[in-house]
1. Can you pull out every residue in the stretch 53-85 that is within 18 Å of Val102 (Cβ to Cβ), surrounded by 17 or more Cβ atoms within 10 Å (Cβ to Cβ), without any contact (Cβ under 8 Å) to a residue 40 or more places away in the chain and not small (Gly, Ala, Ser)?
2. Quickly run through the stretch 119-135 and pick out the residues that are over 24 Å from Phe74 (Cα atoms) and loosely packed, with under 11 Cβ neighbours inside 10 Å.
3. Just to be sure, is Asp47 more than 30 Å from Thr146 (Cβ to Cβ), open to solvent by 80 Å² or more (accessible area, probe 1.4 Å) and either of a type in the set (Asp, Glu) or in contact (Cβ under 8 Å) with a residue 60 or more places away in the chain (or both)?
4. I'm trying to understand the selection: among the residues of the stretch 114-156, which are within 18 Å of Lys66 (Cβ to Cβ) and of a type in the set (Ser, Thr, Tyr)?
5. Determine the pairs where a residue that is more than 19 Å from Asp47 (Cβ to Cβ) and part of a loop (DSSP other than H, G, I, E, B), located within the stretch 87-105, has a partner that is of a type in the set (Ser, Thr, Tyr) and open to solvent by less than 80 Å² (accessible area, probe 1.4 Å) with Cβ atoms under 9 Å apart, the partner being 6 or more residues away or on another chain.
6. Filter the stretch 95-105 for residues that are under 10 Å from Leu147 (Cβ atoms) and in contact with a Lys or Arg (Cβ under 8 Å, 6 or more places away or on another chain) and give the result.
7. Within the stretch 56-86, which residues are in a loop (DSSP other than H, G, I, E, B) and in contact with a strand residue (DSSP E or B) (Cβ under 9 Å, 6 or more places away or on another chain)?
8. Just need a number here: residues in the stretch 5-40 that are closer than 30 Å to Ser76 by Cβ and either open to solvent by less than 80 Å² (accessible area, probe 1.4 Å) or outside any helix (DSSP H, G or I) (or both).
Amino acid sequence: MKLTDYALLFLIFEILLFTILDIRVDQLEAVADRTGNYNIAIDNAVDDGCYFLVEEDSSRNLHTNKDKAVEQFFTSLYANFGVMGQAAAEDNLKRYIPIILVTDRDGFYINYSEVTEKNGEKQLVRRWSEKIPYVYEDDSVICCFTLDHYVRIYDKANGVTR
């Protein structure tokens with residue numbers, strides 16, 4: 001074979017290789033764009049849920065309204081993913097969020113999915129856990145923390161709180 005034949009084979013091989021690589025790069029760019037859109041949709045839903053998390057009552061005391069925050073989170077999530085009003089698609093999307101954690105000053109709550117049976121049918125129901133405090137327990141002490149830098153230490157041996 002002549003050098004020109006090798007050059008022609010090399011050129012055909014390179015064209016095929018670059019075509020395959022171009023297709024793969026386009027696919028990776030599409031995945032990256034979709035991932036960015038998903039992240040923006042979830043960030044917006046979290047922001048909307050957080051907006052409704054804290055409420056002020058008539059005596060100007062602040063309370064957490066976890067149920068309204070989760071409801072707004074899912075409403076915003078459905079709107080951002082374009083499944084608003086489609087019950088099956090909403091339920092399918094809701095299954096991708098296994099837990100929601102709400103932090104409070106001295107602990108946190110977990111909203112989780114639980115399988116229950118009703119009339120012989122299994123249903124997926126969301127429930128709230130009790131408040132789980134920020135606590136560290138050792139053999140001799142129990143330390144309770146808060147988010148506003150308050151620490152309470154209970155000495156097990158002496159029964160003294162510091």
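The values are calculated or read from the model by the stated rules, or taken from the named source; none is laboratory data. Keep in mind the model is a prediction, meaning the values are calculated, not measured. We place every Cβ from the backbone using ideal geometry, glycine too, and count neighbours over all the protein chains shown. Each accessible area value is taken on the protein alone, full model and side chains, heavy atoms only, with ligands, DNA and RNA left out. Shrake-Rupley method; radii C 1.70, N 1.55, O 1.52, S 1.80 Å.
1. Gln72, Phe73, Phe74, Leu77
2. Asn119, Gly120, Glu121 - these are the residues of the stretch 119-135 that are over 24 Å from Phe74 (Cα atoms) and loosely packed, with under 11 Cβ neighbours inside 10 Å.
3. No; evaluated as a whole, the condition is false for this residue.
4. At the first step, the residues of the stretch 114-156 found to be within 18 Å of Lys66 (Cβ to Cβ) are 114, 125-134, 147.
If the condition is that a residue be within 18 Å of Lys66 (Cβ to Cβ) and of a type in the set (Ser, Thr, Tyr), then Ser129, Tyr134 are the ones that fit.
5. Final answer for the pair search is Arg95/Ser113; Pro98/Tyr112; Pro98/Ser113; Arg105/Thr146.
6. Of the residues in the stretch 95-105, the ones under 10 Å from Leu147 (Cβ atoms) are 103-105.
Correct list: Asp104 only.
7. Asp57, Asn65
8. Qualifying residue count, the stretch 5-40: 4.
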